[in-house]
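Data first, discussion second: the structure below is written as structure tokens.
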Amino acid sequence: MPPVLFETLLIGAGTYLIRAGSLSLGSRASWPEWARKWLSFVTPAVLGALLGPMLLLNGDHWPSITHNPTLLAALPTAAVAWISRHLLLTVVVGVVCFALIVHI
């Protein structure tokens, strides 16, 4: 078996086991209030850590806002997501905005 395939299968199995375990145990366990409050900050922190560099950096430098199509497309997309709370509409707006910005 090629090493890349083995690593991919191992990572996939680990991810599956972690998610399945947390889903099966998370609904049965009664979490204390402090743990629920602490865990409520995990999702926004991870999302910010993933999106921040992608939106603000271009390789290893900070481009200006006018030369950053990803950030320019993310602004109206975030507004649509905030107002509509509709996933499909948000994705369509994001793709259309990015395509228009890149190809114009």
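Quick note: the coordinates plus some simple rules give every number you see, no bench work behind them. Predicted model, so just to flag it, every value in this text is computed and none were measured. In this analysis, Cβ positions are derived from the backbone assuming ideal geometry, glycine residues included, and neighbour counts consider all displayed protein chains.
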- request: Using DSSP to define loop residues, name the trypsin sites (Lys or Arg not before Pro) in the range 34-104 whose beta-carbon has at most 16 other beta-carbon atoms within 10 Å.
  value: Arg85
field: Estimated D of the range 31-103 in µm² per second, where Rh is the Kirkwood radius over Cα pairs and Stokes-Einstein applies at 10 °C, 1.306 mPa s
entry: 113
message: Multiplying the sequence separation of Leu10 and His86 by 0.36 nm and subtracting their Cα-Cα distance, what value in nm do you get?
response: 23.9 nm
Theoretical ellipticity at 222 nm over the chain - DSSP helices of four or more residues, -39500 (n - 2.57) apiece, nearest 500: -25000 deg cm²/dmol
statement: If the chain between Ile65 and Leu47 were fully extended at 0.36 nm per residue, the gain over the current Cα-Cα distance would be 4.4 nm
query: Which residue, chosen from Leu5, Leu39, Asn68, occupies the Cα position most advanced towards the positive end of the dipole of the chain, where the dipole is computed from +1 (Lys, Arg) and -1 (Asp, Glu) charges on Cβ about the Cα centre?
result: Leu39
- line: HN-Hα couplings for the range 92-104 via Karplus (6.51, -1.76, 1.60; θ = phi - 60°), in whole Hz with x for Gly/Pro, come out as 5, 4, x, 5, 5, 4, 5, 5, 5, 5, 6, 9, 9
task: Would you mind getting me the FRET efficiency between Leu57 and Glu33? Use the beta-carbon distance for r and R0 = 30 Å, nearest 0.05.
output: 0.20
field: Segment Ala79-Ile101, length gained on full extension (0.36 nm per residue, minus Cα span)
entry: 6.3 nm
task: Using θ = phi - 60° and the Karplus relation 6.51 cos²θ - 1.76 cosθ + 1.60, list the HN-Hα couplings for the range 56-72 in order, rounded to whole Hz, with x at every Gly or Pro.
output: 9, 10, 10, x, 10, 10, 8, x, 5, 4, 6, 10, 10, x, 5, 5, 4
query: For the range 1-75, what number results from the quotient of the Cα radius of gyration and 2.2 N^0.38 Å?
result: 1.65
- request: Counting other beta carbons within 10 Å of each Cβ, put Met1, Met54 in order, fewest first.
  value: Met1, Met54
statement: Computed over the chain, the relative contact order (Cα-Cα under 8 Å, seq sep at least six) in percent reads 16
query: What list of ³J(HN,Hα) values in whole Hz, one per residue of the range 32-46 in order, does the Karplus curve 6.51 cos²θ - 1.76 cosθ + 1.60 (θ = phi - 60°) give from phi, with Gly and Pro shown as x?
result: x, 4, 5, 6, 5, 5, 4, 5, 5, 8, 5, 4, x, 5, 5
